[in-house]
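Notes follow once the structure below has been shown.
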Amino acid sequence: MENSTQVHEDHKSKTSKRYLPLLVVNYLLLFVGSISSSLLSKFYFNHKGSSRWLSTWVQSAGFPLLLFTIYLPYLLKCTKRRPFTCFTPKILILSIFIGLMLGVNNLLFSWGNSYLPVSTSSLILSSQLVFNLIFSFIIVKQKITFSNLNSVILLTLSSVLLALDSRHDRSNGLTRAKYFIGFFCTIGAGLLFALYLPVMEMIYRKIYCYQMVMEMQLVMEVAATALASTGMALDRGFSEMKTESQRVFDKGPTAYWVTVFFNVLTWQLCFLGTAGMVFLTSSLTGGICMTALLAMNVLGGVLVYGDEFGGVKVVSTVLCCWGFCSYVYGLYVKTKEEKREEEKTNQRMEMVLRVNDSI
């Protein structure tokens, strides 16, 4: 087995030739998966699909696809590391626990998405960056700066505006009570996912192999799928899928099963990209990327489904973008300061080495 230092140099080091391609591939997976899964989930509910457990189940049921990312590099001899090497009982237990938490998050997202327009749901989910900052400060000791606080305030105002304007943004037959159920379920999904990101960052700090990240992701999604499958079984969801496809879904059985299949595929791309981004960068960077993609989800909801984009939602979107730009600027300033400190440290080390050589 490769030692940890070698694995670190190959998979996580920013000076490695593999680092940038892995980062680009994972962001592309996140980009495609996030936008397409959100739109497909809404497509299911827009055409009389009604099973929130099914919508929850498809988010993790594609876990067998991860076996390709785990075993293919080994079979192609791209790595000497055997799959699931050093996968300790502690990591297994942590993966199962986090997977169950992810399953609850998926259920909350399904409830929220079944009631809210996709653009509104996406804008509310932007609050996950707020929670991400808070949990990152508590769990991984992330420093809170002015730009972070400014981002928190602006994104919070963005979500509050949507809640206050709820009477103008409800679908036909959707009561005020159901709207707020969807609103708070979506807030809860953002909260849990924001907790998931820094927890995973803390665990990934001790892992230096990309394949091991995929192995943990596989176990987590198996646990999330077990939770969703239990709910499906108790709600007779599996037996009713055939009936729903033939008698309920207004686009017909073929469109129904194609929607389910691509929901499974796109959600897998989304979670795969998220895990890779957190491993290669940080939970905050992952949150930033997802916030940027939420703006694309808003645009997708308006273009594809004709969601309203009135004055309040425009202001909310502007506040969301303002908060995002504020955070990016703060991150840019911080990166420049860190580079300066690193250069000073390197210069000091060079001076020490020169002194030692002269002696």
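The values are calculated or read from the model by the stated rules, or taken from the named source; none is laboratory data. Remember, it's a predicted structure, so these values are computed and weren't measured experimentally. Reconstructed Cβ throughout: ideal geometry from the backbone, glycine too, with neighbour counts over all protein chains shown. Please note that ligands, DNA and RNA were not included when accessible areas were found on the heavy atoms of the full protein model with its side chains. Shrake-Rupley method; radii C 1.70, N 1.55, O 1.52, S 1.80 Å.
Data overview
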read-out: Residue-level accessible surface for ILE144, protein heavy atoms, 1.4 Å, Å²; value: 70
read-out: Per-pair calculated FRET efficiency, R0 = 41 Å: LEU303 and THR88 via Cβ, rounded to 0.05; value: 0.30
read-out: Computed E for VAL355/TYR332 - FRET, C-beta separation, R0 35 angstrom, nearest 0.05; value: 0.50
read-out: Inter-label distance for LEU72 and ARG340, nm, one decimal - labels placed 7 Å from Cα along Cα-to-Cβ; value: 4.5
read-out: Surface share of carbon and sulfur [accessible, 1.4 angstrom probe, percent] for segment 208-274; value: 64
